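Taking it in order: structure first as structure tokens, then the write-up.
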Amino acid sequence: MLWPRVAPHGANIRLLGVVMNGAESLVRTLVKGGVDVCFANPGTSEMHFVGALDRVEGMRCVLGLFEGVCSGAADGYYRMTDKPASTLLHLGPGLANAAANLHNAKKAGSGIVNIVGEHALYHIKYDTPLTADIEGIARPFSHWVKTSPTAKTVAADGAAAIQAARVAPGQVATLILPADTAWTEADGVAETPDTPSPQKPANETVVAAAKALKNGQSAMLFLGGRALRAKGLELAGKIATKTGCKVQAAGGTARIERGAGRVPVLRLHFVVETALDMLKGTKHMVLCGAKPPAAFFAYPGKPSVLVPEGCEVTTLCPVDGDPLASLEALAAELGALNETPANVAQPDRPDRPTGKFTPEGLGAALGATLPEGAIVVDESVTTGRGFFPYTAGAPPHDWLNNMGGSIGFGAPVAVGAAVACPDRKVIAMIGDGSAMYTIQSLWTMARENLDVCVMIFSNRSYKILYSQLADVGAANPGPRAIDMLTLDRPTLDFTLLAKSMGVPAAKALDLEELTKQLTYAMSQKGPYLIDVVM
């Protein structure tokens with residue numbers, strides 16, 4: 001059975017006397033526009049969209065038990081494919097539940113077509129329990145927001161949302177679909193307009209950046225966004241060979257392509273004093289795909305801006321520019337295109353660690369077992385800060401970090417990455433406090449048989465907040481303050497939680513057992529959880 005793609009002369013599209021409604025025209029527009037995965041948590045107002053899935057080939061729907069799983073999964077999907085997926089959320093409260101991971105996606109530059117159901121337009125005036133200002137909720141977490149006014153416009157609105165989601169580096173486009181817009185007769189399927197290409201750097205900008213980097217050891221190339229893909233890092237390594245500059249990654253990074261054969265780079269540290277030490281002595285900083293470095297929080301007596309005093313900052317490529325084209329132009333200007341990249345990582349694995357858990361031992365366990373093509377989703381917060389040196393020589397892999405800072409990021413992003421890359425192992429490293437925000441992700445992993453190994457670092461506390469107490473000047477906490485930071489009354493058992501949602505799981509009490517469990521998980525397909533009891 002074939003539907004004509006566009007209704008001739010505005011006629012209604014029919015099949016055996018059945019009229020295409022707005023929801024179906026939207027689903028068909030999404031599929032035609034290349035959006036063929038939907039992470040969904042639907043309700044009553046989205047039932048016509050759900051019904052359209054049975055009539056439209058090509059859309060894969062993945063069910064999440066919490067809207068934050070859906071929005072985080074769409075983030076992870078975009079990071080690994082550079083193409084947007086859609087969500088399907090229920091009214092204002094459903095969007096509110098998704099908002100934290102939409103915030104993370106927005107900060108990461110991830111493109112998402114975020115579809116939110118709404119009451120029928122004529123019903124809104126009755127102010128029933130789920131009525132809310134959906135556009136108002138959406139705006140802080142979206143680059144583009146629109147309510148489709150009629151079924152006749154919904155396909156074109158969907159196409160515009162796809163176009164908006166593709167704008168570099170990627171945007172959250174929220175399309176609100178009233179129920180009567182979804183169920184009313186529609187006109188057809190819309191073509192998605194071309195998305196404007198990101199702006200290339202002006203010649204004078206490239207010349208200024210080249211001049212800044214010729215200052216050798218006092219110069220730094222500060223990278224973010226797609227500059228941290230393998231090609232961008234290779235160009236940065238060539239530039240470093242030519243000029244002697246330091247190559248540094250921003251603190252928040254959506255995706256770094258790492259491992260043997262690639263140019264290694266360290267992320268700017270979360271701790272202000274350590275970050276300042278990493279930037280010390282820099283007199284010329286060239287930004288490519290990154291903003292000037294700033295502290296994650298404000299701290300009494302500490303700087304917000306981390307650029308060293310007297311350092312001259314030059315922007316080669318803004319965050320919404322084309323970092324790869326910018327680095328290529330810069331390398332050409334410097335005569336560095338034929339240079340050998342500096343400091344390429346050689347194949348090297350740490351020995352399999354033994355004994356009690358230490359940050360160094362945990363990093364070594366990961367580095368000793370990481371398979372080629374792995375995708376590491378890092379929400380380890382405090383525990384995993386020092387893992388990069390132990391995995392720099394592991395087989396080539398990708399590393400995804402939380403750029404928005406809203407916790408509950410790791411497991412949902414792992415879901416999306418695994419849907420995007422079914423032939424690659426995903427390793428999600430998550431603190432125990434963070435894990436509880438979106439623990440429902442395990443159910444989706446089991447339902448979809450996703451190849452994800454989840455490591456929960458169970459230190460029985462919000463450990464990062466102990467150091468934050470001192471950093472903000474709230475020293476000498478008493479027992480009631482400490483009680484707000486502990487997770488041991490009662491103790492969480494992640495193996496039982498995982499098994500109840502269909503995910504096999506085991507505990508690791510020392511480094512030998514952890515390495516053994518990681519080796520097993522890497523050899524198997526499907527979800528697996530390791531509770532690292534620290």
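Within the option set Gly64, Gly76, being under 30 Å from Ala435 (Cα atoms), crowded, with 24+ Cβ neighbours inside 10 Å, touching a Cys at 6+ places or on another chain (Cβ under 9 Å) and modelled with pLDDT of 95 or more holds for one residue only, Gly64. Within the range 487-534, take every residue that is in contact with a Phe, Trp or Tyr (Cβ under 7 Å, 6 or more places away or on another chain) and part of a helix (DSSP H, G or I) and give me the one that is nearest to Arg447 (Cα to Cα). So the residue we want is Ala521.
Scanning the range 319-370 for residues that are of a type in the set (Gly, Ala, Ser) and farther than 30 Å from Ile427 by Cβ turns up Gly321, Ala325, Ser326, Ala329, Ala331, Ala332, Gly335, Ala336. Remark: pairs (first residue in the range 438-454, assigned by TED's automatic domain parsing to the domain that holds Gly410; second residue at pLDDT below 95 and part of a loop (DSSP other than H, G, I, E, B); Cβ separation under 8 Å; 6+ apart in sequence or on different chains) are absent.
Output the qualifying pairs, or none if there are none: Cβ atoms under 8 angstrom, residues six or more apart or on different chains, first residue in the range 207-225 and in the same structural domain as Val307 (by TED's automatic domain parsing), second residue at pLDDT below 95 and among the charged types (D, E, K, R). Pairs found: none. As a summary of the residue check, Asp378 satisfies the conditions (1) in the same structural domain as Ala417 (by TED's automatic domain parsing); (2) assigned to a loop (DSSP other than H, G, I, E, B); (3) surrounded by 14 or more Cβ atoms within 10 Å (Cβ to Cβ) except for the one numbered (2). Only one of the numbered conditions (1) crowded, with 18+ Cβ neighbours inside 10 Å; (2) in contact with a Pro (Cβ under 7 Å, 6 or more places away or on another chain); (3) more than 30 Å from Ala99 (Cα to Cα); (4) touching a residue at least 60 places away in the same chain (Cβ under 8 Å) is violated by Tyr390, and that is (4).
Is it true that Ala260 is in contact with a Pro (Cβ under 6 Å, 6 or more places away or on another chain), surrounded by fewer than 22 Cβ atoms within 10 Å (Cβ to Cβ) and either part of a loop (DSSP other than H, G, I, E, B) or small (Gly, Ala, Ser) (or both)? Spelling it out, Ala260 is indeed in contact with a Pro (Cβ under 6 Å, 6 or more places away or on another chain), surrounded by fewer than 22 Cβ atoms within 10 Å (Cβ to Cβ) and either part of a loop (DSSP other than H, G, I, E, B) or small (Gly, Ala, Ser) (or both).
The values are calculated or read from the model by the stated rules, or taken from the named source; none is laboratory data. In this text, all values refer to a predicted model and were calculated from it rather than measured experimentally. With ideal geometry, Cβ positions are generated from the backbone for all residues, glycine too; neighbour counts draw on all protein chains shown.
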